[in-house]
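> Take this structure, written in structure tokens, and hold onto it; I'll ask about it next.
The values are calculated or read from the model by the stated rules, or taken from the named source; none is laboratory data. Keep in mind it's a predicted model, so treat the numbers as computed, not measured. Note that each Cβ is placed from the backbone with ideal geometry, even for glycine, and that neighbours are counted across all protein chains shown. The area values use the complete protein model at the heavy-atom level, side chains included, leaving out ligands, DNA and RNA. Shrake-Rupley method; radii C 1.70, N 1.55, O 1.52, S 1.80 Å.
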Amino acid sequence: MYKLLRLVESRAMVFGLHKLLYNHCLRKTITTASCNKIQSEVAKLLALKAQLTTEDATPQKFTLKTPKGTRDYNPQQMSIRNDVLQKIIGVFKKHGAECIDTPVFELKEVLTGKYGEDSKLIYDLKDQGGEILSLRYDLTVPLARYLAMSKINTLKRYHIAKVYRRDNPAMTRGRYREFYQCDFDIAGQYDPMVPDSECLKVVTEILDTLNIGKYVLKVNHRRLLDGMFEACGVPADKFRSTCSTVDKLDKLPWEEVRTEMINEKGVTPEAADKIGEYVRLNGGVELAEQLVKDEKLSKCKAAIEGLEGIKLLLNYCNLLGIKDKILFDLSLARGLDYYTGVIYEAVLTEPIKIGNEEQTVGSIAGGGRYDNLVAMFDSKNKQVPCVGVSIGVERVFSVLEAKLAAGELNVRTSEVDVYVASAQKNFLEERMKICAELWNAGIKTEQSYKKNPKMLNQLQHCEENGIPLAVVLGESELKRGVVKIRDITTRDEQEVPRESLVQELKSRIASLNSNAVNGSA
């Protein structure tokens, strides 16, 4: 600031002295000695100005890095990500989902009060022209806002986009502040548990397709949790905060969760101990039938409603062929405030072995029913029941990237099938003609950008980038109206008529059985 003031002052003084010098010299009321003195002072000020300008132009030193909780992705990592996302989209489309998109930021009031204790993780933006905005925390609340604004009553949609959370990142475990979510949701008034069971089926199909490890789908019901808290003596106004604490059981031991309930959430030790008896339980339909007869739960309407819902869900899962992958688990809570019915979470049951190390991943998908969220944005409080699931793709990416680093995964970063090479000099124009012909035919092709590339370098490029075929041009071959097609893996070469080149290449590409498929092992 001091330098800036000096610069401003110096500029003002220079301008003033120049003007003064001009006026006085014009009127011839100034002596030669005085004029020389003024010019000397002006020269000093101009030198000071030049010095300050040079100092201000010096770039400040800073550490060049990405913001905390974010990262860049190299071509290999992006190839893995794109392959995973395409497989997920394939499952979504198989179930009839349509794609939508929403702004990356929303009005802050749209997001406020929807996430319970996690609301503190929302990124708030500075005032931009009178609108108080926040970066989206998930894709579910924007969907509810979209349904209410558009007056849509039924929709089966998928949405893949980045979301933002001011969380403590754990980069190696796939926890970031900027990350992708892949959501599948069904909105509309339908019979109980029919769309809910299809959401679970979607999760199993995606995880089976990605094949990253053994998993289990834990399910529970918010009404059962509310009934359980009521039966254990928790006041109704503490249900949501208690639920948020129970949700930490996948990260903390019961003793720590119990302590938080008592010391921070105001739950009595007796109530906490009763909750502890229930949250240790898990099983199948038999457990649900057993709990219906429980002395305390049987007296709570909410608990019975939840248990009947779980029994129906497990029956439908059996019909869909996924019963062996479902676990009814009373410790599952999911802390978001907007859930109203069934909730579920997919968890890898075994650490992933990568090289000589084992990596624990944990939850890789989650979701549930939220029947009241759309009504919060509707002027007439009109309900649009919804159920959905979100795939935690960042954790899937972290597993696959670790396998790539350990050498257990082979990835191509481009999808080029044919490389147009020349064995002799001055074939650039002919290469360009063939490239244009192959591109026009829909064949993924590239060539060297050098006029006279070395043959060895061209073939080495093919090997390093997994390009399976090369078209090799030579003077004698072109005179005879033929070109060579080289199999990069086997190094076999075969001459084909020039006019049959496109047809021959398409035939070979169709029959390729390479292990180096883009983005796959």
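> Return a whole-number percent for the relative contact order of the chain, with Cα pairs under 8 Å and 6 or more residues apart as the contact set.
Here the relative contact order equals 15 percent.
> Here is a further query. Over its Cα atoms, what ratio of radius of gyration to 2.2 N^0.38 Å does the range 253-292 give?
Against the empirical 2.2 N^0.38 Å value, I get 1.39 for the range 253-292.
> Given the rule -39500 (n - 2.57) for each run of at least 4 DSSP H residues, summed and divided by the residues of the chain, what is its mean residue ellipticity at 222 nm, to the nearest 500 deg cm²/dmol?
The helix-only estimate for the chain comes to -13500 deg cm²/dmol at 222 nm.
> Below 8 Å between Cα atoms, with a sequence gap of 6+, how large is the relative contact order for the range 329-380 in percent?
That works out to 38 percent.
> Further question on the same structure: For the range 439-516 and the range 180-227, what is the separation of their Cα centres, given in Å?
Here the answer is 47 Å between Cα centres.
> Further question on the same structure: Roughly what would the spin-label model give for GLU358 and ARG280, points 7 Å off Cα along C-beta, in nm?
If labels sit at GLU358 and ARG280, their model points lie 2.4 nm apart.
> May I ask which of LYS433/LYS484; LYS65/LYS108; LYS126/LYS248; LYS251/LYS296 have a Cα-Cα span longer than 24 Å here?
LYS65/LYS108; LYS126/LYS248; LYS251/LYS296
> Sticking with this structure for a sec: Take the alpha carbon atoms of the range 372-420, find their center, do the same for the range 83-114, and report the distance between the two centers in whole angstrom.
9 Å
> Taking N as the number of residues in the chain, what value does Rg over Cα atoms divided by 2.2 N^0.38 Å take?
Normalised Cα radius of gyration, the chain: 1.42.
> While we're looking at this one, here's another question. Let me check against my output: what whole-number percent is the relative contact order of the range 260-384, with C-alpha pairs under 8 Å and at least 6 apart?
Over the range 260-384, the number comes to 19 percent.
> So who's got an amide H within less than 5 Å of the one on THR70, skipping anything under 5 residues away but keeping other chains? H placed 1.01 Å off N, in plane.
ARG177
> Would you work out what percent of the accessible area of the chain, with all protein chains in place, is carbon or sulfur (probe 1.4 Å)?
51 percent
> Please calculate how many Å² of accessible area the range 331-382 carries per residue, with a 1.4 Å probe and no DNA, RNA or ligand atoms counted.
With the other protein chains kept in place, the range 331-382 gives 43 Å² per residue.
> May I pose another question? Under the Kirkwood approximation applied to all pairs of distinct alpha-carbon atoms, what is the hydrodynamic radius of the range 180-265 in Å?
Evaluated on the range 180-265, it is 15.9 Å.
> Could you run the Debye sum over the Cα atoms of the range 339-397, one equal point scatterer each and no solvent, and tell me log10 of I(q)/I(0) at q = 0.12, 0.19, 0.21, 0.29 Å⁻¹, two decimals?
The Debye formula, applied to the Cα set alone, gives -0.45, -0.74, -0.82, -1.09.
> Taking 0.36 nm per residue of sequence separation and subtracting the Cα-Cα distance, how much length would be gained by fully extending the chain between ASP492 and ASP101, in nm to one decimal?
135.9 nm
> Go from 0 up to the bin containing the longest alpha carbon distance in the range 341-484, width 5 Å each, and give me the % of pairs per bin.
In order of increasing distance, the bins hold 2, 8, 12, 11, 9, 6, 7, 8, 8, 8, 7, 6, 4, 3, 1, 0, 0 percent.
> Would you mind checking LYS68/LYS94; LYS162/LYS201; LYS162/LYS218; LYS94/LYS120; LYS151/LYS218 for any pair whose Cα atoms are more than 27 angstrom apart?
Cα-Cα > 27 Å for LYS68/LYS94; LYS94/LYS120; LYS151/LYS218; rest within.
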